[in-house]
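S.K.: Dropping a structure here in structure tokens format, bear with me for questions.
The values are calculated or read from the model by the stated rules, or taken from the named source; none is laboratory data. It should be emphasised that the depicted structure is a prediction, and the values quoted were computed from it without experimental measurement. In this analysis, Cβ positions are derived from the backbone assuming ideal geometry, glycine residues included, and neighbour counts consider all displayed protein chains.
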Amino acid sequence: MQVIAKLEGVLTRALLLILVGLVFMEVVLRSIGYPTTWSVGIAQLLFIWLIFIGANQALRNDNHVGVDLITEMLPKKVQQYIEFVMYLIIALFLLGMIVYGSMMVYLNTGRIISGTSVGYYFITLSMPVGGLLMLMTTIQKLQVMTVGLKSKERTPKDMKVIGQELKVE
């Protein structure tokens with residue numbers, strides 16, 4: 001699974017670089033009177049893939065925004081159970097995202113990105129693929145937390161999933 005994490009890092013950097021270059025190119029071409037018809041659609045495609053792959057990286061590294069004002073006042077064991085339930089809810093949401101995202105892919109098979117011959121389903125495909133990546137990460141976090149709930153010394157914050165491998169700090 002560490003290979004997936006490294007591949008995601010390379011892919012997000014490449015997507016961001018291409019996206020910025022594409023938008024910059026379009027701005028320059030538009031300013032001199034030669035706008036393209038395809039750049040907006042391709043930028044949308046790159047951006048949505050960047051969002052979902054980046055969301056998985058943020059989930060893996062616990063970089064999503066969270067409000068823990070109340071939970072920090074609770075005992076560590078209660079915090080562990082709350083976090084475990086939270087990840088179960090996330091897993092259920094991601095399952096729904098995969099199912100409904102797959103239906104969206106199917107519904108968009110005949111549509112194309114404006115100004116191109118690229119199928120719009122490449123944009124909607126990011127939803128079930130991103131959901132699957134995040135579900136894999138969530139399941140791994142649940143496995144790590146199960147170990148933490150059984151252990152008296154460790155808390156979920158002590159155990160990180162680095163590159164999809166368990167690292168105990």
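S.K.: Go through the stretch 59-103 residue by residue and tally those that are over 26 Å from ALA5 (Cα atoms) and at pLDDT 95 or above.
M.R.: The qualifying residues number 1.
S.K.: How many residues are in contact (Cβ under 8 Å) with a residue 24 or more places away in the chain and assigned to a helix (DSSP H, G or I) when one looks only at the stretch 1-27?
M.R.: Going through the stretch 1-27 one residue at a time, the tally reaches 13.
S.K.: Cβ-Cβ under 9 Å, sequence separation 6+ or interchain: first residue in the stretch 28-56 and without any contact (Cβ under 8 Å) to a residue 60 or more places away in the chain, partner surrounded by 12 or more Cβ atoms within 10 Å (Cβ to Cβ) and among the β-branched types (Val, Ile, Thr). Which pairs?
M.R.: Filtered contacts from the stretch 28-56: LEU29/THR36; ARG30/THR36; ALA43/VAL23; LEU46/ILE18; LEU50/THR12; GLY54/THR12.
S.K.: Next up: Just to be sure I understand, how many residues within the stretch 101-151 are aromatic (Phe, Trp, Tyr), surrounded by 13 or more Cβ atoms within 10 Å (Cβ to Cβ) and assigned to a helix (DSSP H, G or I)?
M.R.: The total comes to 2.
S.K.: Does at least one position in the stretch 68-81 carry a residue that is assigned to a loop (DSSP other than H, G, I, E, B), more than 23 Å from the chain's Cα centre (by Cα), exposed (fewer than 15 other Cβ atoms within 10 Å of the Cβ) and touching a residue at least 40 places away in the same chain (Cβ under 8 Å)?
M.R.: For the stretch 68-81, residues assigned to a loop (DSSP other than H, G, I, E, B), more than 23 Å from the chain's Cα centre (by Cα), exposed (fewer than 15 other Cβ atoms within 10 Å of the Cβ) and touching a residue at least 40 places away in the same chain (Cβ under 8 Å): absent.
S.K.: So, one more: For the stretch 41-64, indicate whether the set of residues that are surrounded by fewer than 12 Cβ atoms within 10 Å (Cβ to Cβ) and touching a helix residue (DSSP H, G or I) at 6+ places or on another chain (Cβ under 6 Å) is non-empty.
M.R.: Among the residues of the stretch 41-64, at least one is surrounded by fewer than 12 Cβ atoms within 10 Å (Cβ to Cβ) and touching a helix residue (DSSP H, G or I) at 6+ places or on another chain (Cβ under 6 Å), which makes the answer yes.
S.K.: So LEU88 ticks every box in (1) without any contact (Cβ under 8 Å) to a residue 40 or more places away in the chain; (2) surrounded by fewer than 14 Cβ atoms within 10 Å (Cβ to Cβ) but one. Which box is left unticked?
M.R.: Here LEU88 clears every test but (1).
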